[in-house]
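Sending over a structure as structure tokens; questions will come in a sec.
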Amino acid sequence: MPIALDRRNLDTWQDPKATPYVRIERVSKRFGEHHAVEDLSLDIFKGEFFSLLGSSGCGKSTLLRMLAGLEYPTAGRIYIDGVDVTDVPPYSRPVNMMFQSYALFPHMTVAQNIEFGLKQERLGRGERAERVDEMLELLRIAELRRRKPEQLSGGQRQRVALARSLAKHPKLLLLDEPLGALDKRLRENTQFELVNLQERLGITFITVTHDQEEAMTMSTRIAVMDAGQIMQVDTPTAIYEYPSCRFVAEFIGSINQFEGKVVESDGDQLLIETRLGRPMRVRNFHPLALGTPVTLAVRPEKMRLCLDYREDGVNQLRGVVEDIAYLGDVSIYRLRVEGQRVEMTLTNTQPRTEQVLTWDQEVAIEWSPTSAVVLTE
Amino acid sequence: MPAPQDNPPARRQRLSRVVNIGLPYLWLGVFFLLPLLIVLQISVAEPRLGQPPYTPLWEWLESGVLQIQVNLQNFMLVWEDSIYLTAFLNSLWVALVCTLLCLLIGYPMAYAIATAPPRWRIPLLMLVILPFWTSFLIRVYAWIGILKTNGLLNHLLLALGVIDTPLNILHTQTAVYIGVVYSYLPFMILPLYANLSRLDPTLLEAAADLGCRPLRAFVRVTLPLSLAGIVAGSMLVFIPVVGEFVIPDLLGGPETLMVGKLLWTEFFGNKDWPLAAALAIVLLGLLVVPFVLMQRLERRMEDSA
Ligand SMILES: Nc1ncnc2c1ncn2[C@@H]1O[C@H](COP(=O)(O)OP(=O)(O)OP(=O)(O)O)[C@@H](O)[C@H]1O
Ligand SMILES: [Mg+2]
């Protein structure tokens with residue numbers, strides 16, 4: 001899984017006294033009959049690196065464009081820094097955007113592109129030149145200053161676009177798939193750079209992405225969207241470990257699901273009877289009535305081989321290895337357990353030739369009650 | 001490693017380059033340079049009665065002497081007689097004014113078509129092209145009916161009470177402007193449309209995001225990016241209008257002295273082919289100058305931008 005960044009001092013959203021920097025209040029956007037965004041509310045705090053994550057066409061760009069003023073909501077209000085900007089045109093908003101296609105001006109050099117926004121402010125010539133130099137320096141593209149966009153590589157264009165959107169020192173930067181056009185390697189390097197930049201400048205970032213790993217690596221918080229609505233807003237860890245619903249659980253990573261109902265509730269643990277006919281124990285923080293139909297979800301890497309399998313064991317299953325996918329660092333094993341597919345990921349601590357599990361082998365697996373989550377919707 | 005130009009693909013590439021560059025040159029040579037040389041030859045001849053109605057450039061005399069006769073008097077005449085100079089200046093002036101008018105009217109139209117909803121674009125373009133389906137001559141004649149003293153326009157204005165006495169428009173320079181702008185507007189609109197429709201709308205969004213109001217975004221982004229279209233459209237209007245003959249002849253009056261008309265008179269009226277050819281050569285020279293200037297301007301814009 002992605003390496004988490006040090007975010008220890010940044011959890012402003014947990015402070016009940018903090019006022020949100022961006023407040024999206026019951027915003028809807030319709031294109032004709034199509035609801036791109038529907039009754040969506042969201043608070044984003046100062047200094048956050050906030051990601052909107054969702055599959056294609058779920059309304060991420062539309063939401064971002066409404067923050068930039070390039071699209072106006074059909075209903076609802078948007079506040080930035082306490083000011084209602086719902087009807088404010090883009091050129092009067094204290095916000096800058098980095099476009100997915102970069103949208104660099106083809107008739108201007110790199111330096112002129114960066115200077116473009118500064119010319120709209122009442123800045124002197126010297127001050128503008130200083131700011132341009134600062135940006136060129138910051139993104140390490142000084143040697144490109146006289147080039148035209150068509151003479152740049154994809155990665156260089158991305159830097160110029162970023163420099164241009166940062167040049168006006170916005171308090172809020174919107175990034176629509178900032179790394180979308182880069183190859184995998186460059187992406188990974190740039191992810192860290194982007195986060196470092198954001199922390200150094202203290203700007204609030206809102207990015208759009210449909211790459212979950214990217215969102216996990218960079219964000220303070222993630223909003224998972226589906227069909228114009230937000231399914232869950234939380235830190236990357238919480239989104240991964242404690243998804244609030246089946247959509248989020250399935251969207252991020254892969255997960256095993258066992259359907260069943262609550263048969264016993266004791267303290268912070270539930271006993272769930274699943275269709276597989278065995279009781280499963282899981283830690284739970286929300287009270288659930290007996291008999292409630294639930295889904296028990298366990299990540300594949302939370303499974304482990306079971307050495308003391310018992311017929312009535314809790315959180316234990318026995319199945320047959322159906323498929324093995326060797327990925328180098330880990331292997332994914334697909335097991336068939338009483339007609340249901342179960343996925344398990346094991347770290348390859350041994351060379352492949354010496355691995356214990358092979359096709360058609362019968363294995364027993366187990367997981368700890370704290371490793372599973374209960375989903376009710 | 002052998003030298004790269006020795007392998008077959010390189011040779012094939014060279015061949016294709018020769019064909020690529022050679023064909024247009026061949027075309028230009030046969031259909032442009034050759035006729036030009038013929039006109040040049042006529043311009044330095046003397047008029048005479050007979051077929052052809054001008055003296056040949058060279059002649060073998062019986063004594064075995066090759067006699068080459070170059071007569072520069074036509075050019076001297078064009079320079080000395082002020083009527084020709086006036087006609088040239090007037091033509092350039094009319095062409096300039098009409099080009100600017102076409103640009104002023106055509107740019108907003110091209111912009112409107114390029115930014116219209118996609119399903120509207122083709123019908124709107126068709127409307128621009130539609131007049132071409134009628135003969136040019138007939139359309140210019142139609143303007144006589146509109147502009148004459150008891151024509152459509154005057155009837156309308158009188159009926160509306162805008163004027164008390166009919167306007168005298170036909171057979172004035174104004175009528176020429178109206179006719180030329182009407183006839184050449186599509187040549188301005190089409191290249192501008194082609195250019196503006198390729199403009200990426202997210203560039204304007206980026207400009208707005210960086211603080212530009214719509215008008216400033218237009219000046220700083222749309223206008224410079226459509227410069228190529230402006231130049232192309234202006235050339236397509238300016239160059240033919242300088243030599244335009246039909247419109248000044250039909251709609252213009254005695255004071256509309258244009259080169260095209262003079263040329264026609266010399267050629268068909270006075271049967272003075274050499275003088276007409278000399279006028280044509282000077283006209284061509286005059287047209288090359290703005291062309292070169294335009295091109296240089298464009299290159300400078302590109303370099304400095
Ligand atoms: N200008 C528009 N007119 C009509 N429909 C639109 C318009 N813009 C977006 N939509 C629709 O709204 C929905 C959301 O679009 P949006 O661009 O926000 O998706 P997205 O989440 O950014 O997707 P992607 O990841 O592919 O960029 C889509 O179904 C899209 O077709
Ligand atoms: Mg998008």
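Would you tell me the mean number of C-beta atoms belonging to other protein chains that fall within 10 Å of each C-beta in A:65-73, as a whole number?
2
Roughly to the nearest percent, how much of the accessible area of chain A is carbon and sulfur, given a 1.4 Å probe?
47 percent
Follow-up question, since we're still on this one. Hey, what's the Cα Rg ratio for the stretch A:254-375 versus the globular rule of thumb, 2.2 N^0.38 Å?
That works out to 1.10 for the stretch A:254-375.
Can I ask one more? Could you sort the peptides B:172-179, B:31-38, A:302-309 by per-residue average Cβ neighbour count (10 Å cutoff), highest mean leading?
Descending mean neighbour count gives B:172-179, A:302-309, B:31-38.
In the neighborhood of A:SER254, defined by Cβ-to-Cβ distances under 10 Å, what is the net charge if each Lys or Arg adds +1 and each Asp or Glu adds -1?
So the environment of A:SER254 carries a net charge of -2.
Next up: Which distance in nm do the two modelled labels at B:ILE122 and A:SER153 give, with both placed 7 Å along the Cα-to-Cβ direction?
Roughly 4.3 nm, to one decimal.
Let me ask something additional. Report the relative contact order of chain A, percent, no decimals, based on alpha-carbon pairs under 8 angstrom and at least 6 residues apart.
Computed value for chain A: 15 percent relative contact order.
Let me confirm one metric for peptide B:219-226, namely the mean number of other chain beta-carbon atoms within 10 Å of its residues' beta-carbons.
2
For chain A, with a Gaussian network of springs between Cα atoms less than 10 Å apart, report the residue from A:THR12, A:THR358, A:THR295 with the top mean-square fluctuation.
A:THR358
Follow-up. Residues with amide H under 5 Å of A:THR207's amide H, sequence separation 5 or more or different chain, H placed in the peptide plane at 1.01 Å from N; which?
Placed amide hydrogens put A:PHE50, A:SER51, A:LEU52, A:LEU175 under 5 Å from A:THR207.
To continue, here is another question. Quick check: net charge around A:TRP359, other residues with Cβ under 12 Å of its Cβ, Lys/Arg +1 and Asp/Glu -1?
-2
Around A:THR376, what is the net charge, scoring Lys/Arg as +1 and Asp/Glu as -1 over all other residues with Cβ under 14 Å from its Cβ?
Result for the local shell: 0.
What share of the DSSP beta bridges in the protein assembly as shown is antiparallel, in percent to the nearest 5?
Percent antiparallel among DSSP bridges in the protein assembly as shown is about 75.
Expressed as a rounded percentage, what relative contact order does chain B have, with Cα pairs under 8 Å and six or more residues apart?
25 percent
I've got another one for you. Just to check, using Stokes-Einstein with a Kirkwood Rh over alpha carbon pairs, what's the diffusion coefficient of chain A at 4 °C and 1.567 mPa s in µm²/s?
The Stokes-Einstein estimate is 55 µm²/s.
Tell me the per residue accessible area of chain B using a 1.4 Å probe; a whole number in Å² is fine.
Heavy-atom SASA per residue in chain B reads 60 Å².
Just checking the output field for B:199-207: average partner chain Cβ neighbours within 10 Å of each residue's Cβ?
Average per residue, whole number: 6.
Keeping every protein chain in place, order A:HIS35, A:HIS107 by accessible area at 1.4 Å, biggest value first, i.e. largest first.
A:HIS35, A:HIS107
Among A:PRO279, A:PRO16, A:PRO90, which one shows the biggest mean-square fluctuation in a GNM of chain A, springs joining Cα atoms closer than 10 Å?
Among A:PRO279, A:PRO16, A:PRO90, the largest mean-square fluctuation in the Gaussian network model of chain A belongs to A:PRO16.
Based on the mean of other Cβ atoms within 10 Å per residue, sort peptides A:59-66, A:152-159 so the most packed one is first.
Ranked by mean Cβ neighbours within 10 Å, highest first: A:59-66, A:152-159.
Return a whole-number percent for the relative contact order of the stretch A:241-365, with Cα pairs under 8 Å and 6 or more residues apart as the contact set.
It rounds to 22 percent for the stretch A:241-365.
Which parts of the stretch A:98-140, residue by residue, lose 50 Å² or more of accessible area when the rest of the protein chains are there, as against the chain isolated (1.4 Å probe)?
A:PHE99, A:PHE105, A:HIS107, A:PHE116, A:GLN120
Need one number for the stretch B:73-304: average projected area of the convex hull over its C-alpha atoms, nm².
Spelled out: convex hull of the Cα atoms, projected over all directions, averaged, 16.7 nm².
How do the peptides B:272-282, B:121-131 rank, highest first, by the average count of neighbouring beta carbon atoms within 10 Å per residue?
B:272-282, B:121-131
Accessible area of A:LYS184, 1.4 Å probe, to the nearest 10 Å²?
Using a 1.4 Å probe on the heavy atoms, I get roughly 130 Å².
Any chance you could get the radius of gyration and Dmax over the Cα atoms of the stretch A:90-131, in Å?
11.4, 31
While we're on this one: Between B:GLN51, B:GLN69, B:GLN41, where does the largest GNM mean-square fluctuation fall for chain B, given springs only between Cα atoms within less than 10 Å?
B:GLN51
Can you bin the stretch B:119-235 into rounded, prolate or oblate? Criterion: square roots of the alpha carbon gyration tensor eigenvalues sorted a ≥ b ≥ c, rounded for a/c under 1.5, prolate for a/b above b/c, oblate for the rest.
In terms of gyration-tensor shape, prolate.
So the label point goes 7 Å from the Cα of A:TYR72 along Cα→C-beta, right? Which residues of the stretch B:197-223 then have their backbone N under 18 Å from it?
In the stretch B:197-223, the label zone of A:TYR72 (backbone N under 18 Å from the point 7 Å along Cα→Cβ) covers B:205, B:208-209, B:212-215.
Continuing with the same structure: Taking the convex hull of the Cα atoms, report for the protein assembly as shown its projected area averaged over all directions, in nm².
52.6 nm²
For the interface of chains B and A, what total accessible area is buried with a 1.4 Å probe, rounded to the nearest 100 Å²?
Answer for the B-A pair: about 2000 Å² buried.
Express in Å², to the nearest 10, the accessible area of B:LEU28 obtained by rolling a 1.4 Å probe over the protein heavy atoms while all chains stay in place.
About 90 Å², rounded to the nearest 10.
Taking a ≥ b ≥ c as the square roots of the Cα gyration tensor eigenvalues, with a/c under 1.5 meaning rounded and otherwise prolate when a/b beats b/c, else oblate, which class fits the stretch B:1-135?
Oblate.
Out of all DSSP beta bridges with both ends in chain A, state the antiparallel percent to the nearest 5.
Antiparallel: roughly 75 percent of the beta bridges in chain A.
Now a separate question. How many percent of Cα pairs in the stretch B:60-158 exceed 20 Å?
72 percent
The values are calculated or read from the model by the stated rules, or taken from the named source; none is laboratory data. Small disclaimer: the values here were computed from a predicted structure and weren't measured. So basically every Cβ, Gly included, is an ideal-geometry build from the backbone, and we count neighbours across all protein chains shown. Ligands, DNA and RNA are stripped out before the accessible areas are found, and what is left, the full protein with its side chains, is counted by its heavy atoms. Shrake-Rupley method; radii C 1.70, N 1.55, O 1.52, S 1.80 Å.
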